[in-house]
Amino acid sequence: MQTKGFGESKPLAPNDNPDGSDNPAGREKNRRVEFIIKTETRKEAISPGADTFGLAVKSAQDASLLVQSAKTPEDWNGVAKKWQEAIQLMKEVSASSPNYQTAQKKVGEYEKNLKYAQQNAGI
């Protein structure tokens, strides 16, 4: 578990009114605790005959969901990892698959998303 205290450096609302008087409503908003729960991801071996395309799409959907809540560089790093996973899986789609052409197009799209996530992560 990690803790970070931001004190007065990141208030949600002003502690003082424009006239300099105390702002109890602002102070109330600033009394808060935020929790971010991070979990480790496991690499799973892909069994022969698995639907690599479907796994890649699932990974891309996961990345898209993470984007919606990403705020910190660490969050964006998690998004980037998901895009990397999706790209790798798309590259593994067999040329004999009916989804092969779509997979090749998706690699380019996902690489753009990866670049955006990496920029936000400061990579």
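The values are calculated or read from the model by the stated rules, or taken from the named source; none is laboratory data. In this text, all values refer to a predicted model and were calculated from it rather than measured experimentally. We place every Cβ from the backbone using ideal geometry, glycine too, and count neighbours over all the protein chains shown. Ligands, DNA and RNA are excluded from the accessible area calculation, which covers all protein heavy atoms including side chains. Shrake-Rupley method; radii C 1.70, N 1.55, O 1.52, S 1.80 Å.
What the table shows:
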{"read-out": "Net lengthening on full extension, Lys105/Arg31 (0.36 nm per residue, minus Cα-Cα)", "value": "21.9 nm"}
{"read-out": "Approximate spin-label separation Gln88-Lys71, in nm, with each point projected 7 Å along Cα-to-Cβ", "value": "3.0"}
{"read-out": "In order through the range 87-97: 3J(HN,Hα) via Karplus (6.51 cos²θ - 1.76 cosθ + 1.60), integer Hz, x for Gly, Pro", "value": "4, 4, 5, 4, 5, 8, 5, 5, 4, 7, 6"}
{"read-out": "Largest-first ordering by accessible area, 1.4 Å probe, given options Leu89, Leu65", "value": "Leu65, Leu89"}
{"read-out": "Carbon + sulfur, % of accessible area of the range 58-116 - ligands and nucleic acids excluded, 1.4 Å", "value": "50"}
